[in-house]
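Below is one structure, written out as structure tokens; the observations come after it.
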């Protein structure tokens, strides 16, 4: 701690940065959470958070400013349940969720309410499968309304509550059934979905 604060921050950044790629992949099993690939080869790196209060206070914002990846909404829900409110408020980077699952989405969003410093929430697949924009917007807003309102309050602008969200672009993210086939949404349908969400927040 004798080093200057800026120098210490550079050291913490170097130690805590993922070895490969720019995301920390989180795996969950039951109620347990692990980041095996992240800690491999440097298992003691997270020990910085437990050395003492001063170092924990310096390293926590650095660690949680990084990007995190989860397999699905259930995995993110498990992670958010397992960490403290202080950690949730420290999340300032991007969170990527590969698969959106209706059963766990509501609980996930309820815990994300305290993550108002989050820069991005990317939902890659499963947002609206076999659904119209209207139906999808109603269902998504039901799950995410409190989180979106919290983001709007944090930004001081109700119309900017949606800014944190990004959605996948493949047919695994949005599709609708026509006859016996599923097709990806058109650009217009995706725009309609977003407009409907915006209207629900006014």
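The values are calculated or read from the model by the stated rules, or taken from the named source; none is laboratory data. Since the model is a prediction, treat every value here as computed from it, not as a measurement. With ideal geometry, Cβ positions are generated from the backbone for all residues, glycine too; neighbour counts draw on all protein chains shown.
General observations
- Just one of the numbered conditions (1) touching a helix residue (DSSP H, G or I) at 6+ places or on another chain (Cβ under 8 Å); (2) in contact (Cβ under 8 Å) with a residue 40 or more places away in the chain is not true of residue 96: (1).
- Residues of segment 98-121 satisfying the condition of being in a helix (DSSP H, G or I) and within 11 Å of residue 76 (Cα to Cα): 104, 105, 107, 108, 109, 111, 112
- Those residues of segment 184-202 which are surrounded by 13 or more Cβ atoms within 10 Å (Cβ to Cβ) and modelled with pLDDT under 90, in sequence order: 201
- Selected residue (criterion: nearest to the chain's Cα centre (by Cα)) from residues of segment 121-131 that are buried (at least 16 other Cβ atoms within 10 Å of the Cβ) and under 15 Å from residue 184 (Cα atoms): 124
- Scanning segment 140-159 for residues that are surrounded by 14 or more Cβ atoms within 10 Å (Cβ to Cβ) and over 15 Å from the mean Cα position of the chain (by Cα) turns up 140, 141, 145, 149, 152, 154, 155, 158.
- Which listed residue is loosely packed, with under 15 Cβ neighbours inside 10 Å and at pLDDT 95 or above, from 135, 177, 169: 135
- For segment 60-76, filtered to residues that are in contact with a strand residue (DSSP E or B) (Cβ under 9 Å, 6 or more places away or on another chain) and part of a helix (DSSP H, G or I), the residue that is surrounded by the fewest Cβ atoms within 10 Å (Cβ to Cβ) is 74.
- Lone qualifier among 95, 11 - being in a strand (DSSP E or B) and either modelled with pLDDT of 85 or more or surrounded by fewer than 18 Cβ atoms within 10 Å (Cβ to Cβ) (or both): 95
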